[in-house]
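What follows is a set of notes on a single structure, which appears directly below.
We did not get these values from a lab; they are worked out from the coordinates using the rules stated. Note that the coordinates shown come from a computational prediction; the quantities given were computed from them, not determined experimentally. Every residue, glycine among them, receives a Cβ derived from its backbone with ideal geometry; neighbour counts consider all protein chains shown.
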Amino acid sequence: VLLLTDPVDEFWLPAVGTFQEKPFKSVTRGGADLGAITPPEGAEPEPEKPEPAGIDGLIARFKLALGDEVKDVRVSHRLTDSPVCLVADDSDLDMHLERLLRQHNQLDKAAPRILEVNPSHPLVTRLATGTTATAADVEVAGRVEEIAHLLLDQARIMEGEPIPDPAGYARRLSGLLAQVI
């Protein structure tokens, strides 16, 4: 594992491509399979957790709610603690390179990202099982749409990206907190 944090790394890494016949892969890309990394000797592999019932329906609702804001919504097996993350498609620019180009006015706008959802996160599990029980409930559908936007904005914040509608984010978050309290 190489931690490449210098801005110039975004330029030389794609040019070099491989080292000792092993390709460099960015973890910000959707095709990076972190599950293929073999654990060290003596470490017990984590048992695979089954995906919660209704995860496919939740993914479909997220896709519908987010529309063109994301390129795709899919299940992730790379996440452990976070409910969501944003990744670049294999055919898109690396996320850090794109940010660098935008900062230097070499790129107009960011390409839509892929939202990966952690099926083992408690929030996602509750959403998935809750949406199957009341699939026809309009209130639940509206709540899922609000949560989808909140999670997308959360993923943007974690990536260091600006939120397109900070007022909408604050309104959604305040509304959700008011329901809980």
Computed E for LEU13/ALA53 - FRET, C-beta separation, R0 41 angstrom, nearest 0.05: 0.50
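Can you tell me the dipole magnitude for region 51-180 around its Cα centre, using point charges on the Cβ only (Lys, Arg +1; Asp, Glu -1), in Debye to the nearest 20? Show your work: numbers first, answer last.
Details: 14 positive and 21 negative charges, 55 e Å.
Charge dipole, region 51-180, about its Cα centre: 260 debye, nearest 20.
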Interchain or long-range residues, amide H under 5 Å from ARG113's placed H: LYS71
Region 51-180: radius of gyration over Cα atoms, expressed as a fraction of 2.2 N^0.38 Å: 1.09
Region 51-180 - percent relative contact order, Cα under 8 Å, separation 6 or more: 32 percent
Amide H within-cut-off set for VAL84, under 5 Å, with H built and near neighbours excluded: ASN118
